[in-house]
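K.L.:
Before I ask anything, let me first share the structure, which is written out below as structure tokens.
Computed from the coordinates by the stated procedures, all read-outs in this text should not be read as laboratory data. Fair warning: this is a prediction, and the values are worked out from it, not measured in the lab. Methodologically, a virtual Cβ is constructed for each residue, glycine included, from the backbone with ideal geometry; neighbour enumeration extends over all protein chains shown.
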Protein chains: 2
Amino acid sequence: MPARYWDEFSAGDVFQTDPVVVEEANIITFAEKYDPQTFHTDPEAAKDTFYGGLIASGHQTIGMAFAQFIRLDLFAENSLGGPAMDEVRWSAPVRPGDKLETSVEVLEVRASKSRPDRGLIRLQFTTRVGDTDVAQFQTTTFLRRRPSGDDA
Amino acid sequence: MPARYWDEFSAGDVFQTDPVVVEEANIITFAEKYDPQTFHTDPEAAKDTFYGGLIASGHQTIGMAFAQFIRLDLFAENSLGGPAMDEVRWSAPVRPGDKLETSVEVLEVRASKSRPDRGLIRLQFTTRVGDTDVAQFQTTTFLRRRPSGDDA
């Protein structure tokens, strides 16, 4: 899919990302830097925790989901960065070997009042492993508008 | 600081994490997996973007801040995981060499109605580089309560 301007998104649009598998080694590498809790960093000690084994950091799960959306190349050079993320929910553990599948729905598109060259887009991410929802979150991103004079 | 039970936190408690420096190589490594946008992955191409140079993924910034809090060992084995994160705001770019300093305030402690062995704690994170706020976010975590019979 080619990069889109802000003008080319509409509330209700839905995109499916490619699936991605969560590898045990990546769970540990991520968690040692960004979420150093035993149930994310130590497969043996994790067996004695509440979760009964290693689980991925929630920060990693949403990062993997977000990256799969970015890899669709819908935003690409039209992204002007993201000021906000809201309502992050982790509803089930993610374990080594789980395959994440993410659907992304456009919640809102809103023009900028102060900057006519851009608009905001809010996205609802829903990430599943099989039939189980494991994570949900909303992102807000500034996107370039189509330059005036461009053919639509 | 030793690990605390849920009972030992109060709304208004404030904790300061150790500072941590954002390294350019880590910005790129993180972004290639979790946020593959040009201004996070390519120092040269980033010069031609809106940001004028490489900046850290917002997901990485909040992960680094969260990890510094975990390293205070206040939660440790009493953490039963986090179901939610809210109101994430990225208010200024984070660049290579920036030193992140994070303060963490307890917003709310609430006992579980259904599970007498645990409670919820909500934390407000504020991360700064020098005098500039760069990120804010709220986390919710389940924590063990002190077992009845334990001395306080």
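K.L.:
Restricting to DSSP H runs of at least four residues, report the calculated mean residue ellipticity at 222 nm for chain A, -39500 (n - 2.57) per run over all residues, nearest 500 deg cm²/dmol.
P.N.:
After summing the helix terms and dividing by residue count, I get -5500 deg cm²/dmol.
K.L.:
Taking θ as phi - 60°, what are the ³J(HN,Hα) couplings along segment A:76-86 by the Karplus curve (6.51, -1.76, 1.60), each to the nearest whole Hz, with x for Gly and Pro?
P.N.:
6, 6, 8, 6, 10, x, x, x, 7, 9, 9
K.L.:
While we're here: Relative contact order of segment A:65-147, please, whole-number percent, based on alpha carbon pairs below 8 angstrom and at least 6 residues apart. Before the final figure, lay out each step's value.
P.N.:
Numbers: 158 pairs, mean separation 30.8, N = 83.
Rounded, it is 37 percent for segment A:65-147.
K.L.:
Can you give the charge dipole size of the protein assembly as shown about its Cα centre, rounded to the nearest 20 debye, using +1 on the beta carbon of Lys and Arg and -1 on the beta carbon of Asp and Glu?
P.N.:
Taking the Cα centre of the protein assembly as shown as origin, the dipole is about 660 debye.
K.L.:
Shortest first and in nm to one decimal, what separations exist between residue A:15 and its copies in the other chains, measuring from label points 7 Å along the Cα-to-beta-carbon line?
P.N.:
3.7
K.L.:
Where in segment B:113-149 is the amide nitrogen less than 13 Å from a point lying 7 Å along the Cα-to-Cβ axis of residue B:87?
P.N.:
The answer is B:122-126, B:136-140.
K.L.:
Could you please state, rounded to a whole Å, how far the C-alpha centre of segment A:1-33 is from the C-alpha centre of segment A:89-152?
P.N.:
One Cα centre to the other: 9 Å.
K.L.:
Defining the label point at 7 Å along Cα→Cβ, can you sort the distances from residue B:149 to the same site in each other copy, shortest first, in nm?
P.N.:
Reported distances to equivalent positions: 8.0 nm.
K.L.:
Running a GNM on chain A with Cα contacts under 10 Å, which residue among A:114, A:57, A:103 ends up with the highest mean-square fluctuation?
P.N.:
Highest fluctuation of the listed residues: A:114.
K.L.:
Follow-up. Distances in nm, one decimal, shortest first, from residue A:110 to the same residue in every other copy, taking the label point 7 angstrom along Cα→Cβ.
P.N.:
Ordered by increasing distance: 2.5 nm.
K.L.:
Below 8 Å between Cα atoms, with a sequence gap of 6+, how large is the relative contact order for chain A in percent?
P.N.:
Details: 317 pairs, mean separation 45.9, N = 152.
Answer for chain A is 30 percent.
K.L.:
Taking +1 at the Cβ of each Lys and Arg and -1 at the Cβ of each Asp and Glu, which of A:19, A:141, A:40 sits farthest along the dipole of chain A towards its positive end, judged by Cα position relative to the Cα centre?
P.N.:
A:141
K.L.:
Pick out which of A:31, A:46, A:56 has the largest mean-square fluctuation in a Gaussian network model of chain A, springs linking Cα atoms closer than 10 Å.
P.N.:
Among A:31, A:46, A:56, the largest mean-square fluctuation in the Gaussian network model of chain A belongs to A:46.
K.L.:
In addition: For chain B, find the longest principal axis of its Cα atoms and tell me its angle to the long axis of helix B:24-34, 0 to 90°, nearest 10.
P.N.:
With both axes taken from Cα atoms, the answer is about 70 degrees.
K.L.:
Still on this model: Which semi-axes, in whole Å and largest first, does the equivalent ellipsoid of the protein assembly as shown have when worked out from the alpha carbon gyration tensor as the square roots of 5 times its eigenvalues?
P.N.:
34, 21, 18
K.L.:
I need the Kirkwood Rh of chain B: take the reciprocal of the average 1/r across all distinct C-alpha pairs and report it in angstrom.
P.N.:
16.7
K.L.:
While we're here: With charges set only on the Cβ (+1 for Lys and Arg, -1 for Asp and Glu), what does the dipole of segment A:10-144 come to about its Cα centre, in debye to the nearest 20?
P.N.:
600
K.L.:
On a 0 to 90° scale, report how tilted helix B:58-70 is relative to the longest principal axis of chain B, with both axes built from alpha carbons and the result rounded to the nearest 10.
P.N.:
Compared with the principal axis, the helix lies near 40 degrees.
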